[in-house]
Amino acid sequence: MKLSTLFIGMTSVCCMTAFADQAMQDTAEAKGLIKQFGGTLKGELQTAMKAGGPVNAIEVCNTKAPGIARDLSHSSGWDIARTSLKTRNPTNSPDAWELGVLEKFEERKAAGENPEAIDYAEVTELNGQKTFRYMKAIPTGEVCLNCHGAEIKPEVEKKLGMLYPEDKARGYSLGDIRGAFTLSKPL
Ligand code: HEC
């Protein structure tokens, strides 16, 4: 083997490893942020549900969820949000890349993967900028059915109808993929 070939070979192996290391680091960072976001949200939701039931807790999802995502985005330098194939708030609608990933998540779940563990990472272009993007599926738990299930109490229904006239985020069953956390970081 010529020395130059060996050199090129070694360089590419080295760069591939560096790239994989970086992607693993970014993925770990994204997962940490999701833990923070999801944890804070769950805490707020449970407290509000205990204090005044689902009607009271709508407030948490309506104002606190976007607020927590915004604060965490500012402090971390990532863009952090939630999205879904059937959104409640049209602001959370997926872009073309997110739509493709969400559809793949449904295929993976149908093929038997546990939704708790479904995620996806890719380095891609976003607004002309090389960007690391990461999504993680959010499964539907018991408490979620109060506001995203097939049978929603009339008083909850009424408030949701007032706040979200374009609501599509209903009719979910336990274990369905409700949506996904979606994070991006310019590289
Ligand atoms: C008390 C009612 C309520 C409960 C309980 C609730 N949600 Fe929601 N959810 C909402 C509201 C209201 C929004 C719209 C938030 C916004 O305006 O961004 C929402 C939005 C979302 C979104 C963002 C995408 C979209 O549809 O706009 C996801 C994902 C989501 N909820 C998942 C869950 C999961 C998972 C659970 C259970 C752990 C849950 N929700 C429990 C009311 C609720």
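A few remarks follow.
- Hits in region 21-54 (condition: within 12 Å of the ligand (Cβ to nearest atom) and either acidic (Asp, Glu) or surrounded by 15 or more Cβ atoms within 10 Å (Cβ to Cβ) (or both)): Ile34, Phe37, Gly38, Leu41, Glu44, Leu45, Ala48, Met49, Pro54
- For region 120-165, the set of residues classified as among the hydroxyl-bearing types (Ser, Thr, Tyr), more than 11 Å from the ligand (Cβ to nearest atom) and touching a residue at least 60 places away in the same chain (Cβ under 8 Å) consists of Tyr134 only.
- From the list Arg88, Arg82, Arg133, the one residue that fits, being farther than 18 Å from Leu33 by Cβ, modelled with pLDDT of 95 or more and under 16 Å from the mean Cα position of the chain (by Cα), is Arg88.
- Tabulated pairs, region 27-55, first within 19 Å of Lys153 (Cα to Cα), second of a type in the set (D, E, K, R) and near the ligand (Cβ under 10 Å from one of its atoms), C-beta under 8 angstrom, 6+ apart or interchain: Ala48/Glu59; Val55/Lys159
- Gly175 being closer than 21 Å to Tyr120 by Cβ and either at pLDDT 95 or above or surrounded by fewer than 16 Cβ atoms within 10 Å (Cβ to Cβ) (or both): yes
- Being within 10 Å of the ligand (Cβ to nearest atom), hydroxyl-bearing (Ser, Thr, Tyr) and modelled with pLDDT under 95 is a property that holds for Thr63.
- Hits in region 151-187 (condition: assigned to a strand (DSSP E or B) and among the basic types (Lys, Arg)): Arg178, Lys185
The values are calculated or read from the model by the stated rules, or taken from the named source; none is laboratory data. Given the structure is predicted, the values throughout are model-derived calculations rather than measurements. Note that we place each Cβ from the backbone using ideal geometry, even for glycine, and neighbour counts take in every protein chain shown.
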